Amino acid sequence: MKFKRFLMLVPLTLVFACGNDTLPKPAAFLRLEYPEAMYKKMDSDFPFTFEKNELATKIKARSIAEDSGSFGLDLIYPSLKGTIYLTYKPVRNNKERLKTLLRDSQGFTQEHTVKADEITEQLYANDERKVYGMFYEVGGNAASQSQFYVTDSINHFLTGSLYFYAKPNFDSILPAAKYLQKDIQHIMETVNWK
């Protein structure tokens, strides 16, 4: 009798015990879709023009007190919670000033090596418009995922960097960072000096 009960409990136990197997969660990626970039020429009293994405709905000018002729311009993307900070400084046909601006810009990027997994450089040159520079893509949990500078080597020097309003977590902000990197490259490609 006890043996029959035992035989009846074994199959029941196996049926109920096997129903709740835990399976590993499949790998997935967050699917974020951003609108196609619509660019519009940004022309004002600045010593340069460029095309900006209309997704940058707020533009804020900032003055830089320590250097006359220098100023900042913030392209704010509220929907992406990010900003591209542009800083313009005149070169004034001064080779030493140009060397200092280049060294400062490159040094600023290298400060991110503490948190960055890698920093990729892309040289940019357009002889027709006299725009020469460098684009940096910063991989990893660095504060800024992209930086750049462009210059005509005589009168103008423009730098830019991308920041998000969030703790750096590269995996989370990667789609937005890639989207805004294209905007930065478009700014570089459309800069015209006045």
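Here is a yes/no grid of residues against (1) within 16 Å of residue 178 (Cβ to Cβ); (2) in a helix (DSSP H, G or I); (3) out of contact with any Leu (no Cβ under 6 Å at 6 or more places or on another chain); (4) at pLDDT 95 or above:
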| residue | (1), (2), (3), (4) |
| --- | --- |
| 74 | no, no, yes, yes |
| 106 | no, yes, yes, no |
| 113 | no, yes, yes, no |
| 118 | yes, no, yes, no |
| 133 | no, no, yes, yes |
| 136 | yes, no, yes, no |
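Taking residue 100 as the residue in question, decide whether it is of a type in the set (Ser, Thr, Tyr), more than 15 Å from the chain's Cα centre (by Cα) and more than 26 Å from residue 39 (Cβ to Cβ). The answer is yes for residue 100. When region 138-161 is examined, which residues are found to be in a strand (DSSP E or B) and of a type in the set (Val, Ile, Thr)? Within region 138-161, 138, 150, 151, 159 meet the criteria. Just one of (1) crowded, with 17+ Cβ neighbours inside 10 Å; (2) modelled with pLDDT under 95 fails for residue 84. It is (2). Residues in region 120-129 that are at pLDDT 90 or above and within 21 Å of residue 103 (Cβ to Cβ) were compared, and the one that is surrounded by the fewest Cβ atoms within 10 Å (Cβ to Cβ) is 123.
Give region 162-194 a look and list any residue that's modelled with pLDDT of 95 or more, part of a strand (DSSP E or B) and in contact with a Ser or Thr (Cβ under 6 Å, 6 or more places away or on another chain), or say none. Once the filter is applied, which keeps residues that are modelled with pLDDT of 95 or more, part of a strand (DSSP E or B) and in contact with a Ser or Thr (Cβ under 6 Å, 6 or more places away or on another chain), region 162-194 yields only 192. Among the candidates 121, 137, the residue that is acidic (Asp, Glu), more than 21 Å from residue 193 (Cα to Cα) and touching a residue at least 40 places away in the same chain (Cβ under 8 Å) is uniquely 137.
Looking at region 133-176, which of its residues are small (Gly, Ala, Ser), surrounded by 20 or more Cβ atoms within 10 Å (Cβ to Cβ) and under 18 Å from residue 89 (Cβ atoms)? Within region 133-176, 133, 160, 161 meet the criteria. Residue 31 fulfils the conditions (1) modelled with pLDDT under 95; (2) more than 17 Å from the chain's Cα centre (by Cα); (3) not aliphatic (A, V, I, L, M); (4) not in a loop (DSSP other than H, G, I, E, B) except for a single criterion, (4). Contact map, region 177-194: residues that are surrounded by 18 or more Cβ atoms within 10 Å (Cβ to Cβ) paired with residues that are modelled with pLDDT under 95 and part of a helix (DSSP H, G or I), Cβ distance under 8 Å, separation 6+ or inter-chain. Pairs shown: 177/170. Candidates are the residues of region 55-72 that are more than 22 Å from the chain's Cα centre (by Cα) and in a loop (DSSP other than H, G, I, E, B); the one that is surrounded by the most Cβ atoms within 10 Å (Cβ to Cβ) is 70.
Would you call residue 100 surrounded by fewer than 21 Cβ atoms within 10 Å (Cβ to Cβ) and either in contact (Cβ under 8 Å) with a residue 60 or more places away in the chain or touching an Asp or Glu at 6+ places or on another chain (Cβ under 8 Å) (or both)? No.
The one condition from (1) loosely packed, with under 11 Cβ neighbours inside 10 Å; (2) in contact (Cβ under 8 Å) with a residue 12 or more places away in the chain that residue 52 does not meet is (1).
The values are calculated or read from the model by the stated rules, or taken from the named source; none is laboratory data. All figures in this text were calculated on a predicted structure; none of them were measured in a lab. With ideal geometry, Cβ positions are generated from the backbone for all residues, glycine too; neighbour counts draw on all protein chains shown.
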